[in-house]
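For reference, the structure is listed below as structure tokens.
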Amino acid sequence: MASEIVVTIGKGGIVTIEGEGYHGPVCDTQLRALAVDLGDIEAVETKPEFFEQTRSNVQTQNIGG
Amino acid sequence: MSEYIKARTVFKVDHLDCLVQALQDINPHWSGKIEVHEKPVALFGYHGDRRAESAEIVIRREHVRNGANDIGFKVQADGTVSAIISAFDQQSGNDAEWLGTLSQHYAFRVTEQRGVAMGCDVIKTVNEDGTWRVVLRQPEVEAWQQAGRGW
């Protein structure tokens with residue numbers, strides 16, 4: 001699946017932004033930069049995948065060590 | 001995905017070009033008729049009377065409708081941009097709903113601009129409920145890396 005940023009724009013200018021097709025915090029900087037461009041951030045929800053990536057990194061370090 | 005962000009659109013001085021595009025999107029008749037000034041200029045009323053307000057972006061009254069006043073967009077000290085619309089013109093159609101529609105178009109233009117700057121394909125679809133779904137799609141990784149970009 002291709003990596004995408006999906007922006008939903010309501011008639012009143014309420015916007016939701018999320019990344020699809022990747023895991024972890026890699027793209028969050030881009031999402032937040034776009035949100036700041038658009039206006040005022042009202043809410044940020046961290047998805048479970050963020051922590052999945054973190055756990056994966058820790059496991060890799062344990063195996064290698 | 002890892003984050004889900006909800007934001008409220010605010011017109012900003014950094015994207016005056018997107019605001020002008022959005023105004024033209026909702027009224028193509030305004031194309032080429034919207035004034036953009038580095039410093040605020042006076043707004044005029046329907047009698048040609050100089051009003052107390054000034055603005056950097058101006059749509060002169062003759063382009064709005066008969067009996068209208070100038071519509072302006074004024075840059076604020078914090079970098080946001082506020083609409084200046086007379087009570088008469090708000091009652092004549094340039095109301096909160098109109099500003100909401102303008103915000104939707106502005107948000108699309110800002111999103112589109114950033115997507116293009118990121119080297120993404122920008123795909124817009126209209127949902128049944130009137131919301132717009134805008135996808136910024138990353139190109140193939142190899143082309144992406146050659147362009148020196150990354151997520």
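Nothing in this text is a laboratory measurement; each read-out follows from the coordinates by a stated rule. Just so we're clear, the structure is a prediction, and the values are computed from it rather than from any experiment. All Cβ positions, glycine included, derive from the backbone under ideal geometry; neighbour counts span all protein chains shown.
Tabulated data
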quantity: Segment B:1-55 - residue that is over 17 Å from B:GLN113 (Cα atoms) and part of a helix (DSSP H, G or I) and, of those, nearest to the other protein chains (Cβ to nearest Cβ); calculated: B:ILE26
quantity: Subset of segment B:82-112 (residues that are outside any loop (DSSP other than H, G, I, E, B) and more than 18 Å from A:ILE9 (Cβ to Cβ)); calculated: B:SER82, B:ALA83, B:ILE84, B:ALA87, B:PHE88, B:ASP89, B:GLN90, B:GLN91
